[in-house]
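First comes the structure, then the notes that go with it.
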Amino acid sequence: MISKPLPLQELNLIKQMSNTPVMRQWLSTFNSEGPFLIAGPCSAETEEQVLESAHLLKNTPTQVMRAGIWKPRTRPGNFEGAGVKALKWLQKAKAETGLLMATEVANPQHVEVALHHDIDILWIGARTTVSPFNVQEIAEVLKGTDKIVLVKNPVNPDLELWLGAVERLFTQNIKNLGVIHRGFSSYKENTYRNIPEWQIAIDLQNRYPDLPLLLDPSHIAGRRDLIFDLCQTALDLNYDGLMIETHPNPDKAWSDAQQQITPQRLIEISENLQVREKGSESSNFQKTLTTLREQVDALDEEIMDTLIKRMDLAKEFGQIKKQYNVSILQNERWNAVLKKMITRGQANGLSEDFILRIFKAVHQESIEHQKNILHKK
Ligand code: PEP
Ligand code: MN
């Protein structure tokens with residue numbers, strides 16, 4: 001199927017944004033050995049807690065302190081943030097420690113007071129990114145700012161919506177931009193509070209390689225024991241930085257207590273993270289890589305040949321089912337096939353989730369081919 005060509009205006013925007021190293025210039029002003037690091041409490045709770053956090057973070061590799069002032073809580077009746085007065089606490093924390101400050105903004109009023117208090121980095125939260133109206137209003141009050149603006153992914157796994165928010169800012173001449181991957185919500189119970197869906201962030205890097213990409217492992221994990229692994233995965237996928245919720249006394253935090261870590265744990269995590277090179281000139285590495293890539297290419301060709309043959313068979317199924325007027329879906333057979341594949345996959349170290357996704361996709365495509373035949377007059 002040929003997709004509709006993009007309107008010229010949109011094409012120009014994409015071209016501009018995908019050739020804009022200017023978007024990542026702000027990152028190079030934070031030189032450090034490790035990834036760019038934003039850390040701090042989920043919420044600014046009291047002046048003492050903000051100041052204590054800042055002084056503790058000062059002794060960690062943190063470059064920017066975060067603290068939410070207006071908290072978007074899922075259900076009412078919880079702590080909804082200290083509000084404007086907390087901006088003064090952040091200013092004081094910055095004056096005492098020299099750490100730059102970051103906070104979430106969700107509407108034009110938030111932006112105005114945050115700018116008035118000279119907050120260094122503003123981020124747009126997941127529940128705001130979903131609304132193009134809100135993002136547009138925020139972009140318009142920020143027009144031309146040289147502040148750094150970071151956009152969290154929307155709560156739903158929609159790359160276009162995420163990029164759309166960044167494009168709205170870019171079009172208002174806001175060039176110090178970046179994105180924060182905080183995972184995607186799901187109705188089903190899951191290991192994670194928000195499922196990572198790494199592929200979305202990989203697609204984003206391919207579309208806009210100059211857009212700095214940060215990971216927020218805290219809101220993905222929802223629990224502190226998963227944070228290290230998530231951070232390491234991010235570094236293995238060439239992320240530029242991390243935003244980690246850190247609290248002087250995590251268990252007593254007024255929001256997101258289970259996912260916050262202590263400044264001491266933040267130091268341990270930073271020390272244990274392996275920063276990898278994006279490539280290597282070593283001839284041994286290059287030779288091995290080439291050999292492995294050749295094998296992978298050959299296997300990918302085989303997978304394609306098999307899929308093509310598999311769909312040719314689907315057409316034959318379609319013919320015979322049409323001839324005998326039999327329905328396409330044969331539940332018992334399909335469940336038996338799935339079960340066999342899951343067992344075989346698991347015996348060879350493949351996850352059930354992976355097998356299910358692959359075979360459901362193959363089955364769906366096979367149904368489409370059969371439908372084309374059965375529905376043809
Ligand atoms: C937060 O950073 O505390 C927050 C509310 O995040 P998100 O928008 O990712 O839910
Ligand atoms: Mn939080």
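Within a Cβ distance under 13 Å of S186, other residues only, what is the Lys/Arg minus Asp/Glu net charge?
Local net charge: -1.
Which percent, nearest 5, of DSSP beta bridges in the chain are antiparallel?
5
Whole-Hz Karplus ³J(HN,Hα) for segment 265-274, in order, using 6.51 cos²θ - 1.76 cosθ + 1.60 and θ = phi - 60°, x for Gly and Pro?
Calculated HN-Hα couplings, in order: 5, 4, 4, 4, 4, 4, 5, 8, 5, 9 Hz.
With n ≥ 4 as the cut-off for DSSP H runs, can you work out [θ] at 222 nm for the chain, using -39500 (n - 2.57) per run divided by the number of residues, rounded to the nearest 500?
Details: 15 runs with 193 residues, N = 377.
Roughly -16000 deg cm²/dmol at 222 nm, from the helical runs in the chain.
Calculate one ³J(HN,Hα) per residue across segment 204-218 by plugging θ = phi - 60° into the Karplus curve 6.51 cos²θ - 1.76 cosθ + 1.60, and present them in order as whole Hz with x for glycine and proline.
Per-residue couplings from phi come out as 5, 4, 5, 6, 10, x, 8, 8, x, 10, 10, 10, 10, x, 5 Hz.
For segment 8-272, what is the relative contact order in percent, using Cα pairs closer than 8 Å and at least 6 residues apart in sequence?
20
If packing is taken as the average number of other Cβ atoms within 10 Å across a peptide's residues, how do 144-151, 122-129, 240-247 rank, most packed first?
Working: 144-151: 18.6, 122-129: 23.8, 240-247: 26.1.
Put in order of decreasing packing, that is 240-247, 122-129, 144-151.
Add +1 for every Lys or Arg and -1 for every Asp or Glu among the other residues with Cβ under 14 Å from the Cβ of I373, and state the total.
+2
How large is the dipole of segment 8-272 about the Cα centre if only Lys and Arg carry +1 and Asp and Glu carry -1, each at its Cβ, rounded to the nearest 20 debye?
With only Lys, Arg, Asp and Glu charged at Cβ, the dipole is about 380 debye.
Using the alpha-carbon centroid of each, what span in Å lies between segment 162-182 and segment 192-253?
18
Among the trypsin sites (Lys or Arg not before Pro) in segment 161-253, which ones are in a DSSP loop with at most 10 other Cβ atoms within 10 Å of the Cβ? Mind listing them?
Answer in residue order: K188.
Mind telling me which of Q264, Q295, Q63 comes out most flexible in a GNM of the chain, alpha-carbon contacts under 10 Å?
Result for the chain, Cα springs under 10 Å: Q295 fluctuates most.
Can you run the Rg to Rh ratio on segment 25-128? Use alpha carbon positions and the Kirkwood inverse-distance Rh.
0.96
Pick out, in residue order, every one of the GluC sites (Glu not before Pro) in segment 104-208 that is DSSP loop and has at most 14 other C-beta atoms within 10 Å; say none if there are none. Intermediate values should be presented prior to the final figure.
Details: sites: E104, E112, E137, E140, E160, E167, E189, E197; in loops: E189, E197.
Loop-located and lightly packed - E189.
Return one number: the angle in degrees, 0 to 90 and rounded to the nearest 10, between the long axis of the Cα atoms of helix 132-142 and the longest principal axis of the Cα atoms of the chain.
Taking Cα atoms only, the helix is inclined about 30 degrees.
Would you kindly derive the ³J(HN,Hα) couplings of segment 48-62 from the backbone phi angles with the Karplus curve 6.51 cos²θ - 1.76 cosθ + 1.60 (θ = phi - 60°), listing them in order in whole Hz, with x for Gly and Pro?
Values per residue, Gly and Pro as x: 4, 5, 5, 5, 4, 4, 4, 5, 5, 5, 4, 8, 10, x, 4 Hz.
Using Cα pairs under 8 angstrom and six or more residues apart, how large is the relative contact order of segment 283-375, in percent?
41
Please quote Rg/Rh for the chain to two decimal places, taking the Kirkwood radius as Rh and restricting both calculations to Cα atoms.
Here the Rg-to-Rh quotient is 1.04.
Pulled fully out, how much extra length does the chain show between Q205 and E332, if you take 0.36 nm times their separation in residues and subtract their Cα-Cα distance? List each step's numbers first, then the result.
Working: separation 127, 0.36 × 127 = 45.72 nm, distance 4.19 nm.
Roughly 41.5 nm would be gained on extension.
For segment 220-327, would you read off the P(r) tail past 24 Å as a percentage of all alpha carbon pairs?
Value for segment 220-327 (Cα pairs over 24 Å): 59 percent.
Amide H to amide H, which residues 5 or more places from L273 or on other chains are under 5 Å from it, using H placed in the peptide plane?
For L273, no residues qualify.
Cβ neighbours within 10 Å, averaged per peptide: list 48-56, 228-236 in order, most packed at the top. Could you put the intermediate results ahead of the total?
Numbers: 48-56: 20.1, 228-236: 17.6.
By packing density, highest mean first, the sequence is 48-56, 228-236.
In Å³ and rounded to a whole number, note down the convex hull volume per residue for the Cα atoms of segment 119-179.
Output value, Cα hull per residue: 64 Å³.
Based on the inverse mean of 1/r over its pairs of different Cα atoms, what is the Kirkwood hydrodynamic radius of segment 301-356, in Å?
It is 13.2 Å.
Taking only Cα atoms, what is the 0 to 90° angle, nearest 10, from helix 227-236's long axis to the longest principal axis of the chain?
For 227-236 against the chain, the angle is about 70 degrees.
Can you pull out the chymotrypsin sites (Phe, Trp or Tyr not before Pro) in segment 241-339 whose DSSP state is coil and whose Cβ has at most 15 other Cβ atoms within 10 Å?
The qualifying sites are Y324.
Quick one: length gained pulling S283 to T306 fully straight, 0.36 nm per residue minus the C-alpha distance?
Separation in residues times 0.36 nm, less the Cα-Cα distance, equals 4.8 nm.
Every number in this text was worked out from the coordinates using simple rules, so none of it is lab data. Every value quoted in this text rests on a predicted model; they were computed, and no experiment measured them. Because the Cβ atoms are built from the backbone with ideal geometry, glycine has one as well, and the counts that use them run over all protein chains shown.
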